[in-house]
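Colleague: Pasting in a structure now, in structure tokens, and then I'll have a few things to ask.
The values are calculated or read from the model by the stated rules, or taken from the named source; none is laboratory data. The structure displayed is predicted, hence computed values, not measured ones. Cβ placement follows ideal geometry from the backbone for every residue including glycine, while neighbour counts extend to all protein chains displayed.
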Amino acid sequence: MNRWICLGVLAMLCAAGCNCASRPELPYANGSGRVVNLSDHPYEQVAAAMNARAQRLERLYTPVIVTVWYIGRQGEDEVDQLDGSLHVVHPTKISMNLQKVGVEGAALGANERHYWFMDLLAETPVASIGTHERANPDQLSELGVPVHPLDLLLLLGFSPVPSSPMDASALSVTSLGSHLLLRAPARWGVVEYTLDPTTYEPVRVALRRGPRLPPALTADMLERIEFVDRTDPQQSALEIPRRILIDVPALDARVRIRLLDPHVSRRRPDERAFDLGDALSRHGIRLRRDLDVAHARRQED
């Protein structure tokens with residue numbers, strides 16, 4: 001694994017094979033002996049509730065703390081912590097900047113046309129840039145990029161779902177019978193939301209490249225924190241996860257993102273965060289790597 005932290009949350013971890021150690025266990029909720037009756041939860045009702053929540057979370061800004069559990073170059077247990085900020089505007093804009101001990105380390109982002117990863121700790125800072133229309137999972141994995149930045153929006157659990165089911169199995173009950181399981185199309189495959197049957201809020205989100213394939217990425221929602229809408233003080237209170245614990249089985253890696261002050265205001269999220277040219281200038285990056293061209297060359301070899 002190169003300088004990218006698992007699932008596109010960038011960091012300064014240069015390990016040949018990053019494996020997590022001494023990491024937190026996944027806290028999958030198994031309920032309190034309750035059994036969900038699927039007939040009480042029509043798909044359209046569940047989707048409407050999820051989309052009403054997603055609409056309120058279309059714009060979001062928060063400072064973040066990112067913790068990574070891994071094994072270092074010498075095989076020793078390591079835990080790294082970074083801090084930064086997260087700007088989100090659904091459905092196509094995300095920007096995350098991370099620092100370590102006050103030093104700019106990495107950034108990822110996407111807008112309507114491009115997605116990018118910036119390594120700011122390299123001797124010569126470099127930006128890897130691609131276009132959405134030419135991106136595919138094989139391309140990203142070949143180039144050392146574990147995930148499309150916009151997939152992080154799905155893993156946060158704030159994205160809307162189709163108002164109508166994609167097929168007859170789109171809504172079911174988990175194997176333990178305590179939660180609902182809603183399946184929806186994702187960028188490359190399927191996204192599965194394990195939902196609290198009372199609030200219809202996700203307690204787990206999983207991305208699969210195919211319906212029968214094991215999860216490529218999994219995010220568990222922990223604790224609660226209030227999301228504050230400073231543009232409309234009359235809005236009712238809304239809580240979202242305080243911590244998101246993300247698992248990447250293929251890398252045996254785990255990342256925890258802690259949201260410190262999630263809110264929306266007239267100034268934040270800052271639209272400049274999604275301007276690729278502004279980001280390149282702000283970070284003083286001159287070296288650029290075209291992911292589309294790099295992938296095409298690999299295909300020709």
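Colleague: Report yes if Ser265 is under 19 Å from Gly105 (Cα atoms) and among the hydroxyl-bearing types (Ser, Thr, Tyr), otherwise no.
Modeller: Numbers: under 19 Å from Gly105 (Cα atoms): no; among the hydroxyl-bearing types (Ser, Thr, Tyr): yes.
No, not satisfied.
Colleague: Checking Asp292 against (1) part of a strand (DSSP E or B); (2) in contact with a Gly (Cβ under 9 Å, 6 or more places away or on another chain), which test does it fail?
Modeller: Result: Asp292 passes all but (1).
Colleague: Follow-up. On the basis of being closer than 27 Å to His179 by Cα, among the aliphatic types (A, V, I, L, M) and at pLDDT 95 or above, does Leu38 make the cut?
Modeller: Numbers: closer than 27 Å to His179 by Cα: yes; among the aliphatic types (A, V, I, L, M): yes; at pLDDT 95 or above: yes.
Criteria met by Leu38.
Colleague: Looking at (1) in contact (Cβ under 8 Å) with a residue 60 or more places away in the chain; (2) surrounded by fewer than 16 Cβ atoms within 10 Å (Cβ to Cβ), which one does Leu156 not meet, given that it meets all the others?
Modeller: (2)
Colleague: To continue, here is another question. Considering (1) farther than 23 Å from Ala48 by Cβ; (2) touching a Phe, Trp or Tyr at 6+ places or on another chain (Cβ under 8 Å), say which one Leu121 fails and leave the rest.
Modeller: Going through (1) farther than 23 Å from Ala48 by Cβ; (2) touching a Phe, Trp or Tyr at 6+ places or on another chain (Cβ under 8 Å) one by one, Leu121 breaks only (2).
Colleague: Okay, moving on. For the range 248-270, indicate whether the set of residues that are crowded, with 16+ Cβ neighbours inside 10 Å, among the hydroxyl-bearing types (Ser, Thr, Tyr) and either under 19 Å from Ser159 (Cα atoms) or at pLDDT 95 or above (or both) is non-empty.
Modeller: If we filter the range 248-270 for residues that are crowded, with 16+ Cβ neighbours inside 10 Å, which is where we start, we get 248, 251-259, 262-264, 268-269.
Subsequent filtering for residues that are among the hydroxyl-bearing types (Ser, Thr, Tyr) retains none.
No, the range 248-270 contains no residue that is crowded, with 16+ Cβ neighbours inside 10 Å, among the hydroxyl-bearing types (Ser, Thr, Tyr) and either under 19 Å from Ser159 (Cα atoms) or at pLDDT 95 or above (or both).
Colleague: Every residue in the range 177-186 that is surrounded by fewer than 16 Cβ atoms within 10 Å (Cβ to Cβ) and either basic (Lys, Arg) or in a strand (DSSP E or B) (or both), please.
Modeller: Going through the range 177-186, the residues surrounded by fewer than 16 Cβ atoms within 10 Å (Cβ to Cβ) turn out to be 177, 185.
Selection gives Pro185 alone.
Colleague: Does Asn136 satisfy being within 30 Å of Val293 (Cβ to Cβ), out of contact with any helix residue (DSSP H, G or I) (no Cβ under 6 Å at 6 or more places or on another chain) and not basic (Lys, Arg)? Working first, answer last.
Modeller: Values: within 30 Å of Val293 (Cβ to Cβ): yes; out of contact with any helix residue (DSSP H, G or I) (no Cβ under 6 Å at 6 or more places or on another chain): yes; not basic (Lys, Arg): yes.
The answer is yes for Asn136.
Colleague: For the range 197-215, name all the residues that are without any contact (Cβ under 8 Å) to a residue 60 or more places away in the chain, assigned to a loop (DSSP other than H, G, I, E, B) and buried (at least 16 other Cβ atoms within 10 Å of the Cβ).
Modeller: Pro215, the sole residue that qualifies.
Colleague: Hey, could you check the range 101-126 for residues that are touching a residue at least 12 places away in the same chain (Cβ under 8 Å) and more than 20 Å from the chain's Cα centre (by Cα) and say which is farthest from Pro160 (Cα to Cα)?
Modeller: Taking the range 101-126 first, the residues touching a residue at least 12 places away in the same chain (Cβ under 8 Å) are 103-122, 124-126.
Filter once more, so that each one left must be more than 20 Å from the chain's Cα centre (by Cα): 103-104, 120-122, 124-126.
Working: Val103: 35, Glu104: 32, Leu120: 33, Leu121: 35, Ala122: 37, Thr124: 39, Pro125: 35, Val126: 33 Å.
Ranking the candidates gives Thr124 first.
Colleague: While we're here: Kindly check whether there is at least one residue in the range 218-232 that is farther than 24 Å from Leu259 by Cα and assigned to a loop (DSSP other than H, G, I, E, B).
Modeller: Of the range 218-232, the ones farther than 24 Å from Leu259 by Cα are none.
There is no residue in the range 218-232 that is farther than 24 Å from Leu259 by Cα and assigned to a loop (DSSP other than H, G, I, E, B).
Colleague: Considering only the range 271-301, state which residues are touching a Lys or Arg at 6+ places or on another chain (Cβ under 6 Å) and modelled with pLDDT under 95. Break it down into steps so the answer makes sense when it comes.
Modeller: As a first pass, look at the range 271-301 and keep what is touching a Lys or Arg at 6+ places or on another chain (Cβ under 6 Å): 274, 278, 292.
Asp292 - this is the single residue of the range 271-301 that is touching a Lys or Arg at 6+ places or on another chain (Cβ under 6 Å) and modelled with pLDDT under 95.
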